[in-house]
Amino acid sequence: MPAAAPQLPDILSPEFAADPYPAYAQMREQEPLIWHEATRSYLLSRYEDVERVFKDKQSEFTTDNYDWQLEPVHGRTILQLSGREHAVRRALVAPAFRGTDLQEKFLPVIERNSRGLVDAFRHTGSADIVSDYATRFPVNVIADMLGLDQDDHARFHGWYTTVIAFLGNLSGDPDVTAAGERTRVEFAEYMIPVIRQRREKPGDDLLSALCAAEVDGVRMSDEDIKAFCSLLLAAGGETTDKAIAGIVANLLLHPEQLAAVREDRSLIPAAFAETLRYTPPVHMIMRQSATEVEVGGGVIPAGATVTCLIGSANRDERRYRDPDRFDIFRDDLNSASAFSAAADHLAFALGRHFCVGALLAKAEVETGIGHLLDAMPDLRLADGFTPVERGVFTRGPRSLPVRFTPVAV
């Protein structure tokens, strides 16, 4: 077992929460593998090590950690499956998030929801990008895709923030644990009747498609569908919400790059990819070792929890030039492959558990940032405000007040 590194800020400390990046740099340089007693896990901080865990070509790592990390709040999800069971479930859900379905069925949903939110503040001259737009947009899109009632937005948002708090409850706060477990019950009570209704009277929505989907004679049970919808709301809501806030904050802090994106909207994917690298919404993803593994200059025993520090790996100077600089024009990050399993950043993970919603997130971000720039041509931060990231497990600005000259529609 590698020795803990007491000279480094602990990942549960206020110092780390305020700014984890200097600590990440120290970890990569001094202790690329750390045993963290409080979370009973091994911390990996270098790009090559995290990439190896995610790609897992030797079947050295599993997602068995999700049995305790996800199942108490979502039920058993696709992330916990492996082998043929995982492949079949992924084949059932993946078509909705790529290709024809995404372009023809859900792009209009994305457009409609983004415009509705922007139209509510575009005439005012001020907005908070987080509370007025980013926290609402992806959840509204997912609810709309599933054919759920948008009047229940506040409930969806409450559920997913409770779930994310549960996942990030590294200190083991019992109140956070209890709230997460209550959410599983409440969400099931809400969703199971809706799922049964769609089985009887299907519509032209994602939930109906999931009810009807069949691969190799396998269909999803009510519980399977409920768990996937719960995962979709939490993962799709929290991550895209923080990504949108992060892109806007990063561009506002780099006015010349904001001007370039405003002038050439084809640069939005590059700005998204660089934001995912520079300020990823998810800073940590866990795996479990299947066997004893030599990695990061040390040995991890079989059955151990491994915490992959994405926020650190994506700033590894061994992988990226000048990694602490936000640069949408960098040539060591490929925006063309950034939303596929061939990505050269780690924000969506890699390998067989690469984020199924990556292209949906890309479509939301391209649409959303375009609409925001159209509505706010002289977008600027509110006087005296400096964006601040918050969070440890997931991280992003909690507030982003901006000013602009209203433009007539």
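The values are calculated or read from the model by the stated rules, or taken from the named source; none is laboratory data. Keep in mind the model is a prediction, meaning the values are calculated, not measured. Here the Cβ positions follow ideal geometry from the backbone for every residue, glycine too, while neighbour counts run over all protein chains shown. Calculation scope for accessible area: heavy atoms of the full protein, side chains included, ligands and nucleic acids excluded. Shrake-Rupley method; radii C 1.70, N 1.55, O 1.52, S 1.80 Å.
Structural remarks
- The residue pairs whose first member lies in the range 367-378 and is closer than 13 Å to residue 263 by Cα, whose second member is open to solvent by 10 Å² or more (accessible area, probe 1.4 Å) and hydroxyl-bearing (Ser, Thr, Tyr), and whose beta carbons are closer than 7 Å, counting only pairs six or more residues apart or on different chains, are 378/405.
- Within the range 191-219, tally of residues that are farther than 19 Å from residue 143 by Cβ, within 28 Å of the chain's Cα centre (by Cα) and in a loop (DSSP other than H, G, I, E, B): 1
- Any hit, the range 107-118, residues being open to solvent by less than 30 Å² (accessible area, probe 1.4 Å), outside any helix (DSSP H, G or I) and either in contact (Cβ under 8 Å) with a residue 12 or more places away in the chain or among the aliphatic types (A, V, I, L, M) (or both): no
- Qualifying residue in the range 314-328 (condition: within 13 Å of residue 47 (Cα to Cα), of a type in the set (A, V, I, L, M, F, W, C) and touching an Asp or Glu at 6+ places or on another chain (Cβ under 7 Å)): no
- For the range 126-154, the set of residues classified as farther than 22 Å from residue 239 by Cβ and modelled with pLDDT of 95 or more consists of 126 only.
- Hey, residue 181 open to solvent by 50 Å² or more (accessible area, probe 1.4 Å), under 30 Å from residue 65 (Cα atoms), in a helix (DSSP H, G or I) and without any contact (Cβ under 8 Å) to a residue 24 or more places away in the chain or not: no
- The requirement of being at pLDDT 90 or above and either within 19 Å of the chain's Cα centre (by Cα) or over 27 Å from residue 354 (Cβ atoms) (or both) is fulfilled nowhere in the range 86-106; no residue meets it.
- Residue match in the range 292-301 (condition: touching a Gly at 6+ places or on another chain (Cβ under 9 Å) and at pLDDT 95 or above): no
- Selected residue (only one of 339, 385, 329 is of a type outside the set (Val, Ile, Thr) and buried (at least 18 other Cβ atoms within 10 Å of the Cβ)): 339
- Of all residues in the range 345-376, those being open to solvent by 20 Å² or more (accessible area, probe 1.4 Å) and either modelled with pLDDT under 90 or among the aromatic types (Phe, Trp, Tyr) (or both) number 7.
- Put simply, of 247, 285 the only residue that is outside any helix (DSSP H, G or I), surrounded by 18 or more Cβ atoms within 10 Å (Cβ to Cβ) and of a type in the set (A, V, I, L, M, F, W, C) is 285.
- Within the range 250-291, the set of residues being more than 26 Å from residue 166 (Cβ to Cβ), touching a residue at least 12 places away in the same chain (Cβ under 8 Å) and small (Gly, Ala, Ser) comprises 260, 270, 271, 273.
- Boolean, residue 261 is out of contact with any Ser or Thr (no Cβ under 7 Å at 6 or more places or on another chain), crowded, with 18+ Cβ neighbours inside 10 Å and among the β-branched types (Val, Ile, Thr): yes
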